[in-house]
Amino acid sequence: QVQLVEFGGELVQPGGSLRLSCAASGPIFSDYQMAWFRQAPGKERELVAGISSSGSTNYADSAKGRFTISRDNAKNMAYLEMSSLKYEDTAVYYCYARLLGMDYWGLGTLVTVSS
């Protein structure tokens with residue numbers, strides 16, 4: 001069983017930066033595929049960035065050049081560094097893990113971009 005807890009969401013001004021963290025519990029974190037998704041009000045949940053067990057990354061077009069996903073296998077942590085934040089980045093951000101064909105989700109952390 002994998003449990004995910006996100007933290008770091010807060011109110012930030014446009015153009016600002018924020019780092020989200022995801023703490024994972026469960027066996028062999030280094031084997032997990034990790035990702036960050038987000039869901040804005042009235043919209044479907046969408047992939048923001050993903051990182052494989054080997055460290056390969058992929059990003060949504062909206063995140064390229066502004067967001068960086070990373071992981072620390074020694075600490076069972078995944079991160080999403082966000083910069084140049086825009087109003088449209090406002091959303092609940094969810095940590096996601098996939099292990100042995102099973103999907104796991106955190107409860108989300110709210111990021112609000114507002115002046």
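The values are calculated or read from the model by the stated rules, or taken from the named source; none is laboratory data. Predicted, not measured: the structure shown is a model, and the values here were computed from it. Positions of Cβ are generated from backbone atoms using ideal geometry, with glycine treated the same way; all protein chains shown enter the neighbour counts. Accessible surface areas use protein heavy atoms only, side chains included; no ligands, DNA or RNA. Shrake-Rupley method; radii C 1.70, N 1.55, O 1.52, S 1.80 Å.
Results, tabulated for the structure shown:
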quantity	calculated
Tally, over the range 14-43, of residues that are in a strand (DSSP E or B) and either more than 24 Å from residue 65 (Cα to Cα) or basic (Lys, Arg) (or both)	5
Only listed residue being open to solvent by less than 40 Å² (accessible area, probe 1.4 Å), without any contact (Cβ under 8 Å) to a residue 24 or more places away in the chain, out of contact with any His (no Cβ under 8 Å at 6 or more places or on another chain) and assigned to a loop (DSSP other than H, G, I, E, B), chosen from 63, 74	63
Yes/no for residue 105 being open to solvent by 40 Å² or more (accessible area, probe 1.4 Å) and out of contact with any Asp or Glu (no Cβ under 8 Å at 6 or more places or on another chain)	yes
One residue from 5, 48 being open to solvent by 40 Å² or more (accessible area, probe 1.4 Å) and assigned to a strand (DSSP E or B)	5
Single condition residue 68 does not satisfy, out of (1) in a strand (DSSP E or B); (2) open to solvent by less than 10 Å² (accessible area, probe 1.4 Å)	(2)
Of all residues making up the range 50-69, the number that are hydroxyl-bearing (Ser, Thr, Tyr) and touching a Leu at 6+ places or on another chain (Cβ under 8 Å)	1
Residues located in the range 77-89, provided they are open to solvent by less than 40 Å² (accessible area, probe 1.4 Å) and more than 14 Å from residue 18 (Cβ to Cβ)	77, 78
Selection within the range 80-115 - β-branched (Val, Ile, Thr) and out of contact with any Leu (no Cβ under 8 Å at 6 or more places or on another chain)	90
